[in-house]
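Before any comments, here is the structure.
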Amino acid sequence: MRDVPKEERPRERLIKYGESHLSNQEILAILLGSGTKKESVMDLSNRVLMHFEGLKLLSEATIEELTAIKGIGNAKGIVILAALELGRRIQQYKPEESYFIRSPEDGADYVMEEMRNLNQEHLVVLFLNTKNQIMHRQTIFIGSLNASIVHPREIFREAVKRSAASIICAHNHPSGDASPSQEDIHVTRRLVEAGKIMGIELLDHLVIGNNSFTSLKEKGYL
């Protein structure tokens, strides 16, 4: 950061004015820490943001994409990825001990920020007690939902382990379209039947799109 005049250094500006007054370029410059022999840290951070056309694509960057940028090595790339992941975790954090499910919207709200931008399908299960309070959440499967692969035993084994009274399943569509497929419906019906045998009710199966969702219960498939 020595290549930037003291009064313009992002760290000093953060201390003096607060973090909310810093630009994206300045915040990224703090994470990078230094520029290169030919480029200041502010110029480097600006170039990174321009490369990804802003924060949206930067938030989805891989270590390979970052280190392909001149001036970004493994160390700087790792710091950026770690900061992005920490931000996601803070945004997604919800105290499970106080979260109750009273409607399909409650379930969708609980997983939406975590799931809506995933590039692969994830099957997440929420395990609830008799008061419909979330006790635990777990990603059970990653990949295209298929009844021959997603077996009910994987889900209900964890439900028994957690002494869950009921469960809610949620999976995302990377396309952003929350319309259920025939395979989604087939998997749902298998889970309903397995739940009846186990005495653990499937309350809902949610299909998560980009800021949208479909409740298969509301569609009449449960």
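The figures follow:
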| item | result |
| --- | --- |
| Hits among lysines - C-alpha to C-alpha of Lys16 under 16 Å, sequence gap 8 or more where chains match | Lys6 |
| Antiparallel DSSP beta bridges within region 96-215, percent to nearest 5 | 70 |
| Among the listed pairs Lys56/Lys219; Lys196/Lys219; Lys131/Lys219; Lys56/Lys217, those beyond 29 Å (Cα-Cα) | Lys56/Lys219; Lys56/Lys217 |
| Within-14-Å neighbourhood charge of Gln120 [Cβ basis; K, R +1; D, E -1] | -2 |
| Highest to lowest packing among 107-119, 52-64, 73-85, scored as the average C-beta count within 10 Å | 107-119, 73-85, 52-64 |
| Dipole magnitude of region 6-92 about its Cα centre (Cβ charges: Lys, Arg +1; Asp, Glu -1), debye to nearest 20 | 220 |
| Cα centroid of region 31-88 to Cα centroid of region 186-205, whole Å | 45 |
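Values quoted throughout were computed directly from the atomic coordinates according to the rules given, and no laboratory measurement underlies them. Being a predicted model, the structure only gives us computed values, none of them experimental. FYI the Cβ positions are ideal-geometry reconstructions off the backbone, even for glycines, and counts take in every protein chain you see.
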